[in-house]
Amino acid sequence: MTPSKNFTRPLALALCLVAAAISSGLQAKTFRVAVGDGAGGTQHELGLKFAEEFKSRTGGKHDAKLFLNGQLGSEEDTVSNAAMGTLDFSILAINNVTPFSPSVGVLTLPYMIQSLDDAVALTQSDIGQTMVDNTVRDAGVRIIGWAYSGFRVLTNSKRPVTTIEDLKGLQIRVPKNEIMIDTYRAWGINPTPMAWSETFTGLQLKVVDGQDNPYITVSAMKFDEVQKYVTNLRYLFSIEPLIVSESMFQEQSPEMQQAILEAGKAATQHSASWLVEQEGKIKQELTAKGMVIADPADGEKEWIDRAVSQVWPKYYEQLGGKDKLNNVLKVLGRDAI
Ligand code: MLT
């Protein structure tokens, strides 16, 4: 459908006015964006789109520079630095935000999000907006965009894993996220919590045998160089927010705030379609590079049963009670617990 002139003209005029108001304010500035992952991942793609949209919405006056591969600190540190106002923006995995704002933990509850559609529905709903508000309140950072990165698959350097039994004896790195640690405990092993910035070296030096992350992240981080076996788990759909320092955001003019929020929204929309285009292709590339991919036996039933029955009840209270979780399930069209 072609947008009508009646719609596009006022919109174009409004964008010009916002850009003009911004150009007449603050000195030209390059804002710093920390990115936890390497080039070619969903975080990078979200950041590139955000930077492009932000520049155009400020009439070319301001821009945003990405610092990849944790150059500005571990993902956890970037939350603290943004909260203190010493960093402008960061793109990181939601599991590394949860320790600062427990209510977003619902996004890391195993098997809660079962598809890209679920991830989009949840982050774009009133529940998503409440998470944004809670993160401002609890962590001093504002979520202004979301990268959708796909399911976290399990990788390891030792052997094919299809059953929970196969996991025994493997040292698996997990983020410092209680829900994810408890999920592996429900599967019968004690995982090793490790910062993301240390993970590649940990795998390379065989301090740990494996880890989990989406295919696109495995590729962007070159994990295929140090990992061979992949298990297609679907316990956690990875969502990676773009956050802005709340103190920096509040210092901006209304026009700059609008430019930041709109650029974040445009980058989010781009992220969902980019994932659909890229994921299958990257999976094939990883196979061509020698990774061996397997599905969990029995349709993942035992993995699901153990994680849901042992982990969910432990977090009802921290996540705001069963009623809150039922609201989430309702948005996803699923039965109440
Ligand atoms: C983690 O495993 O800590 C994160 O998912 C890594 C990332 O930001 O991609």
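The values are calculated or read from the model by the stated rules, or taken from the named source; none is laboratory data. Here the structure is a predicted model, which is why all the values come from computation and not from measurement. Virtual Cβ from ideal backbone geometry, glycine too; neighbours counted across all protein chains shown. Note: accessible area is taken over every heavy atom of the protein model, side chains too, but ligands, DNA and RNA are not part of it. Shrake-Rupley method; radii C 1.70, N 1.55, O 1.52, S 1.80 Å.
Structure notes:
- Candidates ILE337, ILE239, ILE304: the one that is at pLDDT below 95 and among the hydrophobic types (A, V, I, L, M, F, W, C) is ILE337.
- Count of segment 99-109 residues, restricted to those that are open to solvent by 10 Å² or more (accessible area, probe 1.4 Å) and either among the hydroxyl-bearing types (Ser, Thr, Tyr) or free of Cβ contacts under 8 Å to residues at least 12 places away in the same chain (or both), is 1.
- Count of residues meeting criterion [open to solvent by 30 Å² or more (accessible area, probe 1.4 Å), touching a Gly at 6+ places or on another chain (Cβ under 8 Å) and within 15 Å of THR30 (Cα to Cα)] in segment 62-76: 1
- Pick from segment 273-316, criterion among the basic types (Lys, Arg) and touching a residue at least 24 places away in the same chain (Cβ under 8 Å), ranking: nearest to LEU329 (Cα to Cα): LYS314
- Matching residues in segment 62-77 - criterion: being more than 18 Å from PRO193 (Cα to Cα) and not in a strand (DSSP E or B): HIS62, LEU68, ASN69, GLN71, LEU72
- Residue list for segment 153-171, restricted to those being surrounded by 15 or more Cβ atoms within 10 Å (Cβ to Cβ), within 16 Å of ASP224 (Cβ to Cβ) and not polar (S, T, N, Q): VAL153, LEU154, LYS158
- In the condition set (1) farther than 17 Å from LEU242 by Cα; (2) away from the ligand (no atom under 12 Å from the Cβ); (3) of a type in the set (A, V, I, L, M), LEU122 is compliant with all but (1).
- Filter result for TYR215 (in contact (Cβ under 8 Å) with a residue 40 or more places away in the chain and within 16 Å of the ligand (Cβ to nearest atom)): yes
- Yes/no for THR201 being within 16 Å of the ligand (Cβ to nearest atom) and either under 15 Å from VAL311 (Cβ atoms) or crowded, with 18+ Cβ neighbours inside 10 Å (or both): no
- For segment 175-198, residues that are among the hydroxyl-bearing types (Ser, Thr, Tyr) and either within 10 Å of the ligand (Cβ to nearest atom) or at pLDDT below 95 (or both) total 1.
- If you go through segment 77-98 and pick out every residue that is within 14 Å of the ligand (Cβ to nearest atom) and either under 13 Å from the mean Cα position of the chain (by Cα) or open to solvent by less than 10 Å² (accessible area, probe 1.4 Å) (or both), you end up with 11.
- For segment 235-267, the set of residues classified as small (Gly, Ala, Ser), assigned to a helix (DSSP H, G or I) and open to solvent by 10 Å² or more (accessible area, probe 1.4 Å) consists of SER247, ALA266, listed by residue number.
- Which numbered condition MET112 fails, given (1) of a type outside the set (Phe, Trp, Tyr); (2) touching a residue at least 60 places away in the same chain (Cβ under 8 Å); (3) assigned to a helix (DSSP H, G or I); (4) within 20 Å of TYR315 (Cα to Cα): (3)
- Matching option when the condition is touching a residue at least 60 places away in the same chain (Cβ under 8 Å) and touching a strand residue (DSSP E or B) at 6+ places or on another chain (Cβ under 6 Å), among ILE164, ILE143, ILE181: ILE143
- Among the residues making up segment 303-327, those that are open to solvent by 80 Å² or more (accessible area, probe 1.4 Å) and in a helix (DSSP H, G or I) are GLN310, LYS314, LYS322, ASP323, LYS324, ASN327.
- Test: residue in segment 264-272 that is outside the structural domain of LEU167 (by TED's automatic domain parsing) and under 28 Å from VAL226 (Cβ atoms): yes
- Selection status of SER157, in contact (Cβ under 8 Å) with a residue 24 or more places away in the chain and under 17 Å from ALA93 (Cβ atoms): no
- Restricting the search to helices (runs of 4 or more DSSP H) fully inside segment 128-210 and requiring at least 2 residues that are among the aliphatic types (A, V, I, L, M) and on the phi < 0 side of the Ramachandran plot gives 164-167, 178-186.
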